[in-house]
Amino acid sequence: MCKRTIDAGYSIFGMSVSGTHHSQVTFSSNLGHRKEVVPFWGGRKRRLSRISKRLHVFRKCSKLHVLVLMVLIAVPVFSQSRPCTDAEDQQVEKEAVTLRTWDSLYKSYKRYGHCDDVDAAEGYSESIARILADHWETLPHLAQLIQHDEAFGRFVGLDGTMNVNDLTKIKRLSTAHCPVGLKELCAKLRHDADNALAEDTGATAQ
């Protein structure tokens, strides 16, 4: 039990306080003879009521946050589950190997990224190798696209299907001719090149 003791004769804003009690305090006004008994537990009930209201608001906000999070998670999952039509599959196979700029590669990626086609994947790898090996000076533009769309950065990778000479050149360029401010991207490309070359060497040995 909570106990509050107030000595007689104590004054609060012109109100004299008298009596000592565990559950109530008597206030006597200097301006009149009226006495008022204020239960000590009244303040606690009001505080509990305010806390209860805040908890109710918190629960509502938490439910809203969970709903928003579920929507954000569901959107990319839904977009990735979109089926690739026969027409799209045929078009991406023809197009993937012909791309020679980052913009054209990005547009194709956005248009056919939901298509899981082995031939198209090899075509995209060839286009990526050609752009990097033959147009290394455009790497800053690739960095801008990746900054706008991080998933595109994961899409632009190097693998063992690429020509060994291209991989070696890309590794050299990323080591000795990395543009200012793109050390992280160059390190990724250099790492990808090492893995792709090791993959190619392993395949040749077998």
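Values in this text are rule-based calculations from the coordinates and carry no lab data. A quick note: this is a predicted structure, and the numbers were derived from the prediction, not measured.
Here are a few things to note about the model shown:
- Taken over the alpha carbons of the range 86-205 as equal point scatterers, the Debye sum produces base-10 log I(q)/I(0) values at 0.11 Å⁻¹ of -0.35.
- In Hz, Karplus ³J(HN,Hα) per residue of the range 117-125 (6.51, -1.76, 1.60; θ = phi - 60°; x = Gly, Pro): 10, 5, 4, 5, 4, 5, x, 4, 4
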